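Q: Mind looking over this structure? Questions follow.
The values are calculated or read from the model by the stated rules, or taken from the named source; none is laboratory data. Values in this document were obtained by computation on a predicted structure and should not be read as measured data. Cβ placement follows ideal geometry from the backbone for every residue including glycine, while neighbour counts extend to all protein chains displayed.
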Amino acid sequence: MESVQQPHRVRMTPGARRVLAAAERLFYERGIHAVGVDLIAAEAGVTKKTLYDRFGSKEQIVVEYLAGRDERWRELLAGHLEAVAGRGPDARIVAVFEASRAWALEYGRKGCSMINANAEIGDPSHPAHPVITGQKRWMLDLFTGLAREIEPAGADGLARTLMLLHEGALVAHGVGVFPDPFGQALEQVRHLLGNGAAATGGASLR
């Protein structure tokens with residue numbers, strides 16, 4: 001497996017947490033490029049000196065913003081997967097989509113922060129780039145592991161199809177062109193898994 005560069009992380013102090021909380025709200029609602037360090041410091045109630053002392057640069061704040069959201073997402077997902085522990089890979093795949101729906105409804109009104117950040121950053125040399133690509137590779141690895149339990153010979157293709165459905169639902173939710181895109185994606189997932197299970201002799205969810 002391709003090695004992924006691990007980004008530098010900052011030790012959080014109370015002041016740093018205030019900066020990060022303000023930055024997360026502003027970056028997600030307004031965009032990374034639209035928000036400067038003056039506004040972040042003002043919203044956090046700290047001086048620019050404190051901001052730079054804690055983070056060193058705006059780029060490092062972006063790293064912490066994205067890494068923090070990813071950590072919270074993985075915690076939420078772990079809870080959903082734990083709820084179906086002991087059940088088959090079909091149920092765990094469905095749990096991933098249900099977790100994403102729950103996350104999107106509570107924390108993702110404007111879509112996926114990783115996708116949004118990638119659209120703004122794009123530069124592979126940006127210190128936040130490994131956070132973005134690492135999160136998506138982690139999701140693909142998760143789907144691949146689950147797909148391998150269902151259909152070892154076709155695991156890569158199944159995992160990529162699941163990833164496309166998942167990422168498409170994230171984008172559609174952020175754009176808001178039709179209601180409940182995760183529900184639509186889940187219908188396709190259940191159909192896909194039902195057909196795959198029938199082909200491999202497994203149990204269908206339908």
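Q: Residues Arg18, Arg72: which one is touching a helix residue (DSSP H, G or I) at 6+ places or on another chain (Cβ under 8 Å), basic (Lys, Arg), over 30 Å from Leu140 (Cβ atoms) and modelled with pLDDT of 95 or more? Break it down stepwise before answering.
A: Values: Arg72 fails: over 30 Å from Leu140 (Cβ atoms).
Only one candidate passes the filter, namely Arg18.
Q: Residue by residue through the range 5-27, note down the ones that are in contact with a Phe, Trp or Tyr (Cβ under 8 Å, 6 or more places away or on another chain) and closer than 18 Å to Met114 by Cα.
A: Keep residues of the range 5-27 that are in contact with a Phe, Trp or Tyr (Cβ under 8 Å, 6 or more places away or on another chain), which gives 10, 16, 19-20, 23-24, 27.
Once the filter is applied, which keeps residues that are in contact with a Phe, Trp or Tyr (Cβ under 8 Å, 6 or more places away or on another chain) and closer than 18 Å to Met114 by Cα, the range 5-27 yields Leu20, Ala23, Glu24, Phe27.
Q: Next question, about the same structure. Among the residues of the range 156-179, which ones are without any contact (Cβ under 8 Å) to a residue 24 or more places away in the chain and out of contact with any Ser or Thr (no Cβ under 6 Å at 6 or more places or on another chain)? It would help to see each step written out before you state the result.
A: From the range 156-179, those without any contact (Cβ under 8 Å) to a residue 24 or more places away in the chain are 156-157, 159-160, 164, 168, 172, 176-179; that's our starting set.
Within the range 156-179, Asp156, Gly157, Arg160, Leu164, Gly168, Ala172, Gly176, Val177, Phe178, Pro179 meet the criteria.
Q: Report, by residue number, each residue of the range 137-174 that is under 24 Å from Arg109 (Cα atoms), among the charged types (D, E, K, R) and surrounded by fewer than 16 Cβ atoms within 10 Å (Cβ to Cβ).
A: The one that is under 24 Å from Arg109 (Cα atoms), among the charged types (D, E, K, R) and surrounded by fewer than 16 Cβ atoms within 10 Å (Cβ to Cβ): Arg137.
Q: Go through (1) without any contact (Cβ under 8 Å) to a residue 60 or more places away in the chain; (2) of a type in the set (Ser, Thr, Tyr); (3) not assigned by TED's automatic domain parsing to the domain that holds Thr161 one by one and return the number of the condition Tyr107 breaks.
A: Looking at each condition in turn, Tyr107 falls short on (3).
Matching residues to (1) over 13 Å from the mean Cα position of the chain (by Cα); (2) farther than 30 Å from Glu59 by Cα; (3) modelled with pLDDT of 95 or more:
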position	(1), (2), (3)
Ile132	no, no, yes
Thr144	yes, yes, yes
Arg148	yes, yes, yes
Glu151	yes, yes, no
His166	no, no, yes
Ala172	yes, no, yes
Ala197	yes, yes, no
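Q: Looking at (1) small (Gly, Ala, Ser); (2) farther than 26 Å from Glu106 by Cα; (3) crowded, with 16+ Cβ neighbours inside 10 Å, can you tell me which one Ala67 breaks?
A: (2)
Q: Given the conditions (1) among the β-branched types (Val, Ile, Thr); (2) surrounded by fewer than 18 Cβ atoms within 10 Å (Cβ to Cβ); (3) within 20 Å of Gly31 (Cα to Cα), which single one is not true for Val177?
A: Only one criterion in (1) among the β-branched types (Val, Ile, Thr); (2) surrounded by fewer than 18 Cβ atoms within 10 Å (Cβ to Cβ); (3) within 20 Å of Gly31 (Cα to Cα) is unmet by Val177, namely (3).
Q: Select, from Tyr28, Tyr65, the only residue that is of a type in the set (Ser, Thr, Tyr) and assigned by TED's automatic domain parsing to the domain that holds Gly174.
A: Within the list Tyr28, Tyr65, the selection yields Tyr65.
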